[in-house]
Amino acid sequence: MSLLASVRPCYRAVRASLQACLQTHGSYGARSNSTVHALPTSTKVIFSGIQPTGIPHLGNYLGALLNWVKLQRDAHPDDKLLFSIVGWHALTLPQDPKMLSASRREMLAVLLAIGLNPERSVIFYQEDNPHHTQLAWVFNCITPMGKLKRMTTWKSRLATSRNAKDESEVDESHLNAGLFTYPVLQAADILLYKATHVPVGEDQQQHIELCRDIAETFNRTYKGSSPLFPLPECMITPTPRVLSLKDPSSKMSKSAPDEKSRILLTDTAEQIKAKVRGAVTDPTVGVTYDPQSRPGAANLLTILAACTGEDVMQVAARYHDKGHGFLKADVTEAVEDMLRGPRAEFERLKGETAYLASVAAAGAEKARALSEPTLREVRSSLGLI
């Protein structure tokens with residue numbers, strides 16, 4: 001019997017309770033150690049986006065998508081929630097048109113499969129609302145290049161696209177204008193809906209700070225009776241940092257050349273087993289949580305703790321006198337238990353093209369209705385109306 005089997009009854013009881021709660025809101029859920037506190041009764045506008053560049057991997061699922069489901073579940077009835085599939089952002093790196101078209105539909109199916117409810121949240125394609133790029137142009141015209149040069153994300157994305165291990169290897173002459181101004185479009189995405197809160201990881205805080213700077217600049221430059229844009233707040237959600245199964249010195253990535261380095265939402269039980277079994281560990285006897293000296297083992301412990309909702313140190317204590325084989329078996333079982341439901345729902349939804357199109361159309365209509373007054377105010381402030 002594996003160690004996970006000994007705690008499975010308790011884990012399954014907790015999991016069943018969470019699923020029942022999410023199903024009450026018309027959604028399917030799974031455990032994560034990410035914490036999103038219940039929102040207070042004051043009205044919030046929450047916006048977040050995801051690129052349509054392939055099926056999400058385990059890190060995306062644990063780090064962002066489950067938090068979206070929790071936000072939907074815990075939000076006050078008066079809060080507005082907007083989740084966008086941001087196709088314009090995807091174009092900052094080369095894309096195959098046919099693959100991008102398919103990826104857009106698949107990402108929409110993923111969002112529905114994990115439990116986002118289009119009756120509660122506005123789920124839409126960014127490019128279906130032309131107001132995003134219109135406001136981005138306005139913001140481009142008031143954002144100094146100096147601020148954009150201090151952004152770090154564009155350099156890391158360029159390094160990823162070049163398969164460079166170190167950002168210092170990147171030749172900045174290859175930088176395109178779209179990737180350079182990426183944070184400005186992101187600010188437009190957020191401020192177009194006068195979002196008050198943006199759920200992000202710590203690596204995105206710099207972009208939200210720029211968004212606030214842009215809002216302040218516009219409010220100061222085009223003074224009205226009251227500021228047009230709010231200053232959005234980061235909703236920092238503690239999330240597990242899931243690393244590559246083949247190179248635990250880097251994050252799990254959809255763009256990594258080795259497909260065995262990541263677990264996808266659509267992976268079968270056998271694929272999950274093979275990938276976890278081949279995960280890089282070390283020859284040291286016994287398993288301990290030491291991200292610096294033993295990153296491979298620490299990564300597996302992080303994944304297991306995220307799947308079961310436990311503290312990673314408590315999980316590690318169960319394996320101090322066990323081999324990596326025991327840990328890998330339990331990680332495989334926990335990941336499969338977590339992904340089985342969303343995977344099956346995704347497989348059902350991805351062929352429902354008419355339904356997906358109707359969800360996208362309804363979401364775009366709601367998004368445009370919310371953003372039209374904002375753009376009208378902006379044009380009036382600029383003298384373009």
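Laboratory data are not the source of any read-out in this text; all were calculated from the coordinates shown. Owing to the predicted nature of the structure, the values given are computational and were not obtained by experimental measurement. Glycine also receives a Cβ, built like all others from the backbone with ideal geometry; neighbour counts cover every protein chain displayed.
For region 259-347, report the convex hull volume of the alpha-carbon atoms normalised per residue, in Å³, without decimals.
It comes to 85 Å³ per residue, whole-number rounded.
For each of I385, I272, count neighbouring Cβ atoms within 10 Å of the residue's Cβ, then give the residues from fewest to most.
I385, I272
By average Cβ neighbour count within 10 Å, what is the ranking of 215-222, 306-313 from highest down?
Averaged packing, sorted descending, gives the order 306-313, 215-222.
Of D128, D258, how do they rank once you tally other Cβ atoms within 10 Å and put the fewest first?
D258, D128
For R241, what is the net charge nearby, where nearby means another residue's Cβ is under 11 Å from its Cβ and Lys, Arg count +1, Asp, Glu -1?
Values: positive: K251; negative: E202, D203.
Value of the local net charge: -1.
If r is the Cβ-Cβ distance from L384 to R120 and R0 is 41 Å, what FRET efficiency results, to the nearest 0.05? It would help to have the intermediate numbers written out before the result.
Values: r = 35 Å, r/R0 = 0.85.
With R0 = 41 Å, the Cβ-Cβ based efficiency is 0.75.
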